Amino acid sequence: MPGKIRISTHSPFQPLEAVLVGQGVSDNFFDWVKDDKIRSPLKRIVQETQEDLEFVKKTITDFGATVYQDKPLEFDHALFENKNAIPVPPIQPRDVHLTLGDKVYCISTEKAWRYIYDIVEQDSIVDLFTLSQQSGKPYQGGELICGANCLKVGNRIIIPSVIDVNMRKFTKDFFTQKGYEIVETNDSAHTDGMMSVLKPGVIISLQDVINYKKTFPGWEVLHFENQDWSKVASGWLNFKNKSKGRWWVPGEESNEHLKEFVDTWLGSWVGFVEETVFDVNMFSLSEETVMVNNYNKEVFAFLKKHKIEPVICPIRHRYFWDGGLHCFTLDLQRKGMKEDYFK
């Protein structure tokens, strides 16, 4: 792994210099499972996830940026002594970190994420959750702020209502003092599952999610709704009631053995995929290049209009991990300074 670095990132689209890519579990993590109806699909998820992450890394290094990644999570029998204590693989760094300016703000103390201290200089790391607790406002049960559920665009931070009400108040006070303009919306889901800001003046978004006249006045927005769900096979429609919309492995809709195992032991690994449209979960390498999950005629035409080159990097098991390209990456360094894109 390369040496420690300092954080420097102000937008989702300035040229990428260094990135943290998520990591899954080791190849033999599920070797102990005796039932092949469980073991085989889980090993396929592990293997294909590793292949997809390797392609993501190659795409980024070919662009010229440095990639940081932890080792795969190894199996430990003690992990399964308490199903509530099984650690989540460090696959979605965006969900527990927010990189902003010259800091990485952390909201998780789980062991799986401690390797951030091996990557980033100590004085660049801030425990945001502890700071918010010390502010004297009790946590009420909403989400903690992170790079997945807020949006940094130069000197502006956009925060949805999904974030805990007291955390949202603390965040507004904390970052306002640091010179940021805080814009709050009523959106009740992760921002990166609803929109991507690709360059100044250009956005791809779900239909009628954010009041763009207020948050992005004058910017051009491509609206599209539930595009990737419209292309999903009927298998998802047959399985989503069984899983309560939380996860799906194509081809395993009738595998009750797998369903019971995942629901019993891996409940913290899966999310709620029914609320996410992964076509908008993109990761920009620069204003001219963006990584996308799959081909979409309408999106690709919009990108061409704005001189943005899409690079297809499939995440085949996004419906299991409940995450896409933006979730699986965390920009650590981008070229450029903090700018005001809303003058």
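The values are calculated or read from the model by the stated rules, or taken from the named source; none is laboratory data. This is a predicted model, so every value here is computed, not measured. Here Cβ is always computed from backbone atoms with ideal geometry, including for glycine, and neighbour counts include all displayed protein chains. In case anyone asks, the SASA skips ligands and DNA or RNA and just uses the protein heavy atoms, side chains included. Shrake-Rupley method; radii C 1.70, N 1.55, O 1.52, S 1.80 Å.
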Looking only at the stretch 125-181, which residues are without any contact (Cβ under 8 Å) to a residue 12 or more places away in the chain and either in a loop (DSSP other than H, G, I, E, B) or among the hydrophobic types (A, V, I, L, M, F, W, C) (or both)?
Gly136, Gln177
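For the stretch 333-343, check the following and say yes or no: at least one residue is of a type outside the set (Lys, Arg) and surrounded by 22 or more Cβ atoms within 10 Å (Cβ to Cβ).
Narrowing the stretch 333-343 to residues of a type outside the set (Lys, Arg): 333, 336-337, 339-342.
Cutting the leftovers down to surrounded by 22 or more Cβ atoms within 10 Å (Cβ to Cβ) gives us none.
Looking through the stretch 333-343, none of the residues is of a type outside the set (Lys, Arg) and surrounded by 22 or more Cβ atoms within 10 Å (Cβ to Cβ).
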If the requirement is being free of Cβ contacts under 8 Å to residues at least 60 places away in the same chain, within 27 Å of Gly24 (Cα to Cα) and in contact with a Phe, Trp or Tyr (Cβ under 8 Å, 6 or more places away or on another chain), which of these qualifies: Val270, Val292?
Val270
Can you give me the number of residues within the stretch 92-124 that are part of a helix (DSSP H, G or I) and open to solvent by less than 30 Å² (accessible area, probe 1.4 Å)?
7
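Let's see how each residue does on (1) at pLDDT 85 or above; (2) open to solvent by less than 10 Å² (accessible area, probe 1.4 Å); (3) in a loop (DSSP other than H, G, I, E, B):
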{"site": "Met291", "(1), (2), (3)": "yes, yes, no"}
{"site": "Tyr295", "(1), (2), (3)": "yes, no, yes"}
{"site": "Glu298", "(1), (2), (3)": "yes, no, no"}
{"site": "Ala301", "(1), (2), (3)": "yes, no, no"}
{"site": "Lys307", "(1), (2), (3)": "yes, no, yes"}
{"site": "Pro310", "(1), (2), (3)": "yes, no, no"}
{"site": "Pro314", "(1), (2), (3)": "yes, no, yes"}
{"site": "Tyr319", "(1), (2), (3)": "no, no, no"}
{"site": "Asp331", "(1), (2), (3)": "yes, yes, no"}
